[in-house]
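Input: a single structure, listed below in C-alpha cells.
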Amino acid sequence: MKTKGPMMDATFLTTAGEGLKRVSSGRPAYYIPNITDPSMETGRAFDGKCDIDLIFACGSFDREGGDPRKSTLEHIREHLPEINFASHVDNETGGLWGADYMDALGRSKCGLNLSREREGPFNLAKPEDLYVYSSDRVANLTGNGVLTFTHSKYNLDKLFTEDEMVFYDSNNDLIEKIAHFLKNDDERRRIAKNGWKKAHRELNERLATQYIVDVLLRENISYSYIWPTEQVI
C-alpha cells in the first residue's frame, strides 16, 4: 500500500487515526468501517431458536505460534466446557465459508470478534494500529443479529454502545460476560438486536459508498456518519 499511495487520490482502511499514517505515503488516507450488506447479512439470530451458544471462525492462526486469539479460545473451552462452542479455524479444524458460514451465524447466540493482531512473533500491532479496527467479522456478526463480543482495546465503542455490543478487558472478563448473557436470554436478544439495527442503519453499503464519493469529489460531507471522517496524511 505504501508503494501505491503516491498514485492514489485517497486510501481507505478499516483502521482510524494515527495508524493511517503508516500507509498514507503522504497522501490523503481515511477510515472506512466494515460494511454490512443486507443482501449478504440476512440472519436475525436475535429472533431465532439458536442451537450454537458461541461461534468463532477464521482462516488461520499465526504460523509462528503464540496467537492471542488461540489462547482466548483455549481459555473459553477450559472455563466454559458445557457450552456449545463452534470454532472453525481452516488450517486446524477446517474452515467455515460462504453459505455455510452465514447459516451458522444465523443460528448463533453469541460471537467472538477476534481480529489478527500480528504477522509473526516480531511484527506486533501497535495500539494506534488497532484504533477502531476490526476484520470484516464484525459486520458478519452484527449484521446477522449475533451478540458480538469485542475487546475494548479496539475502540469499537466509537461505533457501538454497550447497549449494542459487549466489550471486555481480559479473557476472564470475557468468560464472565459470555456466561452472563447465555443465562439471560432476553438481555442477549435485546442487545444483539440493537447491534443489528445499528449495523444495518449506519454501517451499510449505501452509506459507505456515499462517503467514498464525498471524499473523492472533495465535497462537503453529506451525512452525519458515525465513524471518524478526518483526513490523515
Next on the checklist: For a quick check of your reading of the model, give me the residue pairs whose first member lies in segment 150-174 and is under 18 Å from residue 78 (Cα atoms), whose second is among the hydroxyl-bearing types (Ser, Thr, Tyr), with beta-carbon atoms closer than 6 Å and at least 6 apart or on different chains.
Outcome noted: 171/72; 174/168
Item to check | Hey, residue 213 farther than 20 Å from residue 44 by Cα, in the same structural domain as residue 9 (by TED's automatic domain parsing) and at pLDDT 95 or above or not | outcome: yes
Next on the checklist: Looking at segment 25-44 only, could you name the residues that are part of a strand (DSSP E or B) and surrounded by fewer than 23 Cβ atoms within 10 Å (Cβ to Cβ)?
Outcome noted: 30
Next on the checklist: I'd like to check which helices (runs of 4 or more DSSP H) are fully inside segment 126-207 and have at least 2 residues that are more than 12 Å from the chain's Cα centre (by Cα) and either under 30 Å from residue 22 (Cβ atoms) or at pLDDT 95 or above (or both).
Outcome noted: 171-183, 185-202
Checklist entry - So which pairs qualify, if the first residue must be in segment 129-140 and farther than 15 Å from residue 192 by Cβ, the second must be among the small types (Gly, Ala, Ser), the Cβ gap must be under 6 Å, and the two must be at least 6 apart or on different chains? => result 129/19; 131/16; 131/17; 131/19; 132/16; 134/115; 135/115
Next on the checklist: I need the full set of residues from segment 89-124 which are at pLDDT 75 or above, acidic (Asp, Glu) and assigned to a loop (DSSP other than H, G, I, E, B), in order please.
Outcome noted: 117
Checklist entry - Taking segment 210-232 on its own, how many of its residues are over 19 Å from the mean Cα position of the chain (by Cα) and either closer than 18 Å to residue 132 by Cα or part of a helix (DSSP H, G or I) (or both)? => result 11
Next on the checklist: Could you check segment 154-185 and list, in sequence order, the residues that are under 17 Å from residue 139 (Cβ atoms) and acidic (Asp, Glu)?
Outcome noted: 157, 164
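The values are calculated or read from the model by the stated rules, or taken from the named source; none is laboratory data. Computed from a prediction, not measured in an experiment: that's the story for all the values here. Here Cβ is always computed from backbone atoms with ideal geometry, including for glycine, and neighbour counts include all displayed protein chains.
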